[in-house]
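Colleague: Okay, here's the structure, questions in a sec.
The values are calculated or read from the model by the stated rules, or taken from the named source; none is laboratory data. The model shown is predicted, which means the values in this text are computed figures rather than measured ones. With ideal geometry, Cβ positions are generated from the backbone for all residues, glycine too; neighbour counts draw on all protein chains shown. SASA here: full protein model, heavy atoms, side chains in, ligands and nucleic acids out. Shrake-Rupley method; radii C 1.70, N 1.55, O 1.52, S 1.80 Å.
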Amino acid sequence: FFFIFYLSLGSNMNILASRLNRIQPSPTIAMSIKARELKAEGKNIIELAAGEPDFPTPPHIIKAAEDAMSRGETKYTDPDGTPVLKQAICEKFKRDNNLDYVTSQVTIGTGGKQVLYNALMATLNAGDEVIIPAPYWVSYPDMVLLAEGTPKIVECPLDKNFILQPEDLERAITPKTKWIILNSPSNPTGSGYTWEDLKKLTDILIQYPNVWVMTDDMYEHLVYDDFKFCTPAQVEPELYSRTLTVNGMSKAFCMTGWRIGYAAGPENLITAIRKIQSQSTSNPSSISQAASVAALNGPMDFLAKNNYVFKQRRDLVCSMLNQAKGITCPTPDGAFYVYPSCAGLIGKKTPDGKMLKTDEDVVTYLLETEGIAAVHGAAFGLSPHFRISYATSTEALEDACQRIQRACSALA
Ligand code: PLP
């Protein structure tokens, strides 16, 4: 009996690959799941952890999907996307970013997440370094680790508006550096790189021909006030031949569930990504691709309307959080997140006598006492902060910020 027990235990333990030990499940998804479970138990939870717009997909995009299904576009497509969507993407890059790409330089995947993952899998050898400014989108370091690379985290603190400084970039570059990942406007901070910010970085990058640029422009269209979006290959044409410009439908087009992301870059890299995709997911959904053609070629007036609402919510949240004792909330340029500092809460005691030592303690305290589901800064590589997504109703945000103010006042 013991022998059989030992064998079965052994085989259970051996089934998992050692590469899994390098990564963790996404902490933002974990928090969203936890919030949903607590809600299902009847708790009064306000979910501010998920990174998706609360607006529905615009009707003309849904109609295009229905039409595609009726026409029978329900089959496999080319592995990295349909020619018609690739063409729409080339036109988008020209129109919005003044970048010239042909369809053989475009890849389409099941979300920007898959495109980024494919690109890292296609290029990293064991030990290759990837520079990731922190705070970062949670998936970058773990994707690098899965692909056997080494994340090289460079902290970009609040007093620098969370923007990578040229001297810090230069210090982080080594002979092993393969990529730098840039993300503007950023998840989790909402900070955007101006043309001048990017130029200072690209002036350095052109001196290091072995370093490639992966730019995640997912929040390009979600910018407020006078902020002007720009992307590295546009700012420094010399970098065009070693830049992968990544974008997607999820955020601005309110299409998170449709799972379409895309990228453009040098043809040999795009061909390598295609090879990986042809052996993994085969192709992104044919129906979602048809919908994305309608989105990219269709009317964009809903963007200004959504942004107007997002900006109002941003202003509301920043103002209310800045009135909470111990919280400092900078005003972001874009995306739909705020990344306040909770340094003023660290070391304080909760009403039941617990000391708040980390931003994870702060987030747990907010969840347990006031039902606020936010994500702790450590998950994004820069503490003590927490991230709130304001892609939720204005009433819920007002209620949430009042609860946070109350929780902060209750600390001693
Ligand atoms: N990049 C950033 C910075 C994000 O915030 C997200 C989603 O949260 C993604 C990429 C991936 O988006 P998707 O896979 O839905 O296109």
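Colleague: With θ set to phi - 60° and the Karplus curve 6.51 cos²θ - 1.76 cosθ + 1.60, what are the ³J(HN,Hα) couplings of the stretch 112-117 in order, to the nearest whole Hz, using x for Gly and Pro?
Modeller: Coupling constants for the stretch 112-117: x, 4, 5, 5, 5, 4 Hz.
Colleague: Follow-up. How many angstrom lie between the Cα centre of the stretch 7-84 and the Cα centre of the stretch 155-171?
Modeller: 32
Colleague: Please compute, for the alpha-carbon atoms of the stretch 19-108, the extent along each of the three principal axes and give them in descending order in Å.
Modeller: 49, 38, 30
Colleague: Shifting gears a bit: Non-local amide H neighbours of ASN183 (under 5 Å, H modeled in plane, Pro and chain starts lacking H): which ones?
Modeller: Placed amide hydrogens put ASP216 under 5 Å from ASN183.
Colleague: How big is the stretch 201-324 along each principal axis, measuring the range of its Cα positions in Å and listing the largest first?
Modeller: For the stretch 201-324, the Cα extents along the three principal axes come out at 50, 42, 29 Å.
Colleague: Carbon and sulfur together cover what percent of the accessible area of the stretch 79-178 at a 1.4 Å probe radius?
Modeller: Percent of accessible area from carbon and sulfur atoms in the stretch 79-178: 52.
Colleague: Quick one: check the C-alpha center-to-center distance for the stretch 322-385 versus the stretch 230-257, whole angstrom.
Modeller: The distance from the Cα centre of the stretch 322-385 to that of the stretch 230-257 comes to 31 Å.
Colleague: Sticking with this one: Could you list which residues have their amide H under 5 Å from that of GLU155, counting only those 5 or more apart in sequence or on another chain, with H placed in the peptide plane?
Modeller: ALA134
Colleague: If r is the Cβ-Cβ distance from TYR76 to GLU267 and R0 is 25 Å, what FRET efficiency results, to the nearest 0.05?
Modeller: Calculated value: 0.65.
Colleague: In the Gaussian network model of the chain, springs joining C-alpha atoms below 10 Å, which of PHE55, PHE229, PHE253 carries the largest mean-square fluctuation?
Modeller: Between PHE55, PHE229, PHE253, it is PHE55 that shows the largest mean-square fluctuation.
Colleague: Which residues make up the longest stretch of the chain that has no trypsin sites (Lys or Arg not before Pro) in a DSSP loop with at most 16 other Cβ atoms within 10 Å? Write out the running numbers ahead of the final one.
Modeller: Numbers: sites that count: LYS43, LYS75, LYS176, LYS228, LYS325, LYS354, LYS357.
Counting at most 16 other Cβ atoms within 10 Å as exposed, the longest clean stretch of the chain is 76-175.
Colleague: Can you tell me the relative contact order of the chain? Whole percent, Cα pairs under 8 Å, sequence separation 6 or more.
Modeller: Value for the chain: 21 percent.
Colleague: Another question, then. Hey, with R₀ at 35 Å, roughly what FRET efficiency would MET69 and LYS94 work out to, going by the Cβ-Cβ distance, to 0.05?
Modeller: Details: r = 30 Å, r/R0 = 0.85.
Plugging the Cβ-Cβ distance into 1/(1 + (r/R0)^6) gives 0.75.
Colleague: Also, I was wondering about something else. How many times 2.2 N^0.38 Å is the alpha carbon radius of gyration of the chain? Each step should come with its number before you reach the end.
Modeller: On the way: Rg = 22.0 Å, N = 412, 2.2 N^0.38 = 21.7 Å.
It is 1.02.
Colleague: Then there is this: Which pairs, out of LYS251/LYS305; LYS92/LYS311; LYS113/LYS275; LYS34/LYS113; LYS228/LYS311; LYS94/LYS305, put more than 19 Å between their alpha-carbon atoms? Working shown, then result.
Modeller: Values: LYS251/LYS305 14 Å; LYS92/LYS311 24 Å; LYS113/LYS275 17 Å; LYS34/LYS113 22 Å; LYS228/LYS311 15 Å; LYS94/LYS305 24 Å.
Over 19 Å apart, Cα to Cα: LYS92/LYS311; LYS34/LYS113; LYS94/LYS305.
Colleague: Hey, can you find the accessible area per residue of the chain for me, probe 1.4 Å, expressed in square angstrom?
Modeller: Averaged over the residues of the chain, the accessible area is 44 Å².
Colleague: Here is a further query. In the stretch 316-358, which residues have a backbone nitrogen under 14 Å from the label point lying 7 Å from LYS34's Cα in the Cα-to-Cβ direction?
Modeller: Of the residues in the stretch 316-358, 358 have backbone N under 14 Å from the label point off LYS34.
Colleague: Starting from the Cα gyration tensor of the stretch 246-315, take the square roots of the eigenvalues, sort them a ≥ b ≥ c, and report rounded, prolate or oblate (rounded when a/c is under 1.5, otherwise prolate if a/b is larger than b/c, else oblate).
Modeller: Verdict is prolate for the stretch 246-315.
Colleague: Right, something else. Tell me, what ³J(HN,Hα) does each residue in the stretch 371-378 have, in order and in whole Hz, if you take phi through Karplus 6.51 cos²θ - 1.76 cosθ + 1.60 with θ = phi - 60° and put x for Gly and Pro?
Modeller: Calculated HN-Hα couplings, in order: x, 9, 9, 10, 10, 6, x, 4 Hz.
Colleague: If you project the alpha carbons of the stretch 293-412 onto the principal axes, what extent comes out on each, in Å, largest first?
Modeller: So the extents along the principal axes, rounded to whole Å, are 57, 28, 22.
Colleague: Sticking with this structure for a sec: Rounded to a whole number, what % of the accessible area of the stretch 290-412 do carbon and sulfur atoms account for, probe 1.4 Å?
Modeller: 53
Colleague: Starting from the Cα of LYS348, draw a straight line to each of the aspartates and glutamates and keep only those under 15 Å, dropping any in the same chain fewer than 8 residues away.
Modeller: ASP359, GLU360, ASP361
Colleague: Hey, could you get me the Stokes-Einstein D for the stretch 129-223, Kirkwood radius over alpha-carbon pairs, 25 °C and 0.890 mPa s, rounded to whole µm² s⁻¹?
Modeller: 183
Colleague: From largest to smallest, what semi-axes in whole angstrom does the stretch 59-185 give when each is the square root of 5 times an eigenvalue of its alpha carbon gyration tensor?
Modeller: 34, 18, 14
Colleague: Separate question: Ratio of alpha-carbon Rg to the 2.2 N^0.38 Å globular estimate for the stretch 303-346, to two decimals, please. Working shown, then result.
Modeller: On the way: Rg = 11.6 Å, N = 44, 2.2 N^0.38 = 9.3 Å.
For the stretch 303-346, the normalised Cα radius of gyration comes out at 1.25.
Colleague: Hey, another quick one. Under 20 Å from the 7 Å Cα→Cβ point of ASP226, by amide nitrogen: which residues of the stretch 159-193?
Modeller: Residues 161, 185, 191-193 qualify, since their backbone N sits under 20 Å from the label point.
Colleague: Can you run phi through the Karplus equation (6.51, -1.76, 1.60; θ = phi - 60°) for the stretch 276-288 and list ³J(HN,Hα) in whole Hz, with x for Gly and Pro?
Modeller: 5, 5, 5, 9, 10, 9, 6, 6, x, 3, 4, 5, 5
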